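These notes concern the structure reproduced below.
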Amino acid sequence: MDPSTGAVPRREPVLLMAALHAPTQASLEERYDVHRFWCAEDPSALLVRLAPSCRVVVTGGSRGIDATTMAALPRLQLVSSFGVGVDAIDLNHARQRGIVVTNTPDVLTEDVADLAIALLLASIRRIPQADRFVREGRWAQAAFGLTPSLQRRRVGIIGLGRIGLAIAQRCAAFNTDVRWYGPRPKPDCAFYRHNDPVELADWADILIAACPGGPDTRGIVSRGVLQALGPQGVFVNIARGSVVDEPALIDLLSSGKLGGAGLDVFDNEPRIDPRFFGLDNVVLHPHQGSATHSTRAAMGDLVLKNVAAWLAGDPVLTPVF
Ligand code: NAP
């Protein structure tokens with residue numbers, strides 16, 4: 001309260017699009033006048049109420065924010081996202097209006113790369129299947145059987161950015177040969193770049209998607225790419241469900257024309273295509289790439305720092321633009 005006027009200072013209104021890491025959300029709610037969009041009985045009425053004052057939106061990587069919602073907030077100037085992928089944010093709309101967009105890069109790289117390797121090993125060595133085998137008491141009746149090896153295999157990575165490179169570095173420890181595909185050559189990169197994803201998949205035994213989602217990469221892992229990977233091939237996706245032709249993936253896994261898959265991300269999460277549940281050659285994981293206590297805390301810290309910096313008129317820490 002201002003002692004001279006008795007006025008209570010107005011807390012900055014913040015529109016929160018989706019539930020966040022609980023401690024981050026609690027800190028946000030302590031500092032600002034947070035409006036939970038997903039809890040609103042009448043979301044349109046909430047937007048009308050916030051339109052004259054709301055300058056800041058906080059969202060999650062999967063939830064993002066569409067152009068219609070941004071258009072309903074004429075004073076919007078900052079969208080701060082909890083996550084590195086910004087494919088769910090209408091970036092064209094934000095750019096045209098000069099809205100600052102921030103994300104949470106770097107702090108999640110190592111955990112997501114670890115998960116890619118975990119899915120790769122789980123798929124190749126059939127770890128979930130072996131776990132079920134032991135739990136169901138089948139071990140006493142028969143041996144589990146042999147599996148392929150990761151040793152001396154060829155790993156192709158689509159998208160050699162922060163996470164892709166961290167995956168490539170881990171792959172070296174497993175004595176694999178790594179190549180990659182991305183739209184732009186990287187002159188200083190030690191790994192060989194293929195000019196197109198089909199060519200990379202044709203060379204590879206294992207293909208890992210680590211590129212961004214969004215319109216530019218939609219279906220980049222096409223039926224042709226998966227066919228080139230072949231009946232012994234394994235596909236790992238820690239990028240986004242949209243980067244793979246999912247009906248083709250299910251079809252090829254069902255018919256044995258693709259060996260296996262380890263998937264952290266899907267179309268239509270969390271209500272994924274139920275045909276996946278009947279496939280024995282796929283490891284399913286519920287979009288948990290960055291979901292460790294320490295990484296989620298670091299991501300939350302970045303979101304809070306970005307919002308605070310922007311409100312103070314300072315440069316944001318991790319701008320997308
Ligand atoms: P990043 O550093 O921006 O790397 C993305 C890489 O993809 C860049 O090297 C980029 O090439 C490349 N790329 C862009 N367009 C491409 C295309 N059409 N085909 C192939 N490669 C393309 O981002 P990051 O931090 O590594 O994150 C990558 C993605 O991982 C995120 O966007 C997100 O979707 C996903 N992710 C998933 C989880 C999870 O929980 N599963 C967690 C975090 C992130 P240039 O270098 O030439 O620009």
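The values are calculated or read from the model by the stated rules, or taken from the named source; none is laboratory data. Keep in mind that this is a model prediction, so the values were computed, not measured. Cβ sites come from the backbone with ideal geometry, for glycine too, and all protein chains shown count toward neighbours. Keep in mind that these areas ignore ligands, DNA and RNA; they rest on the heavy atoms of the full protein, side chains included. Shrake-Rupley method; radii C 1.70, N 1.55, O 1.52, S 1.80 Å.
Residue count for the range 88-105 under the criterion of being touching a helix residue (DSSP H, G or I) at 6+ places or on another chain (Cβ under 7 Å), in a loop (DSSP other than H, G, I, E, B) and in contact (Cβ under 8 Å) with a residue 60 or more places away in the chain: the result is 2. Take the residues in the range 158-177 that are of a type outside the set (Ser, Thr, Tyr) and more than 14 Å from the ligand (Cβ to nearest atom); name whichever of them is modelled with the lowest pLDDT. The extreme case among them is ALA172. If TRP38 meets every condition in (1) of a type outside the set (S, T, N, Q); (2) in a helix (DSSP H, G or I); (3) closer than 22 Å to LEU311 by Cβ apart from one, which number is that one? Evaluating TRP38 over (1) of a type outside the set (S, T, N, Q); (2) in a helix (DSSP H, G or I); (3) closer than 22 Å to LEU311 by Cβ leaves (3) as the failure.
For ARG162, state whether it is of a type in the set (D, E, K, R) and surrounded by fewer than 16 Cβ atoms within 10 Å (Cβ to Cβ). It is false that ARG162 is of a type in the set (D, E, K, R) and surrounded by fewer than 16 Cβ atoms within 10 Å (Cβ to Cβ). The numbered conditions (1) farther than 30 Å from ILE99 by Cβ; (2) part of a helix (DSSP H, G or I); (3) open to solvent by 40 Å² or more (accessible area, probe 1.4 Å); (4) not aliphatic (A, V, I, L, M) are all true for PRO286 except (2). The criterion of being in a strand (DSSP E or B) and either open to solvent by less than 70 Å² (accessible area, probe 1.4 Å) or modelled with pLDDT of 95 or more (or both) holds for SER80. Among the residues of the range 14-43, those that are out of contact with any Phe, Trp or Tyr (no Cβ under 7 Å at 6 or more places or on another chain) and either of a type in the set (Phe, Trp, Tyr) or closer than 25 Å to GLY98 by Cβ (or both) comprise LEU28, ARG31, TYR32, ASP33, VAL34, HIS35, PHE37, TRP38. Among the residues here, THR147 qualifies as over 28 Å from the mean Cα position of the chain (by Cα), modelled with pLDDT of 95 or more, among the β-branched types (Val, Ile, Thr) and open to solvent by less than 60 Å² (accessible area, probe 1.4 Å). Scanning the range 86-107 for residues that are more than 9 Å from the ligand (Cβ to nearest atom) and among the hydrophobic types (A, V, I, L, M, F, W, C) returns ALA88, ILE89, LEU91, ALA94, ILE99, VAL100, VAL101, VAL107.
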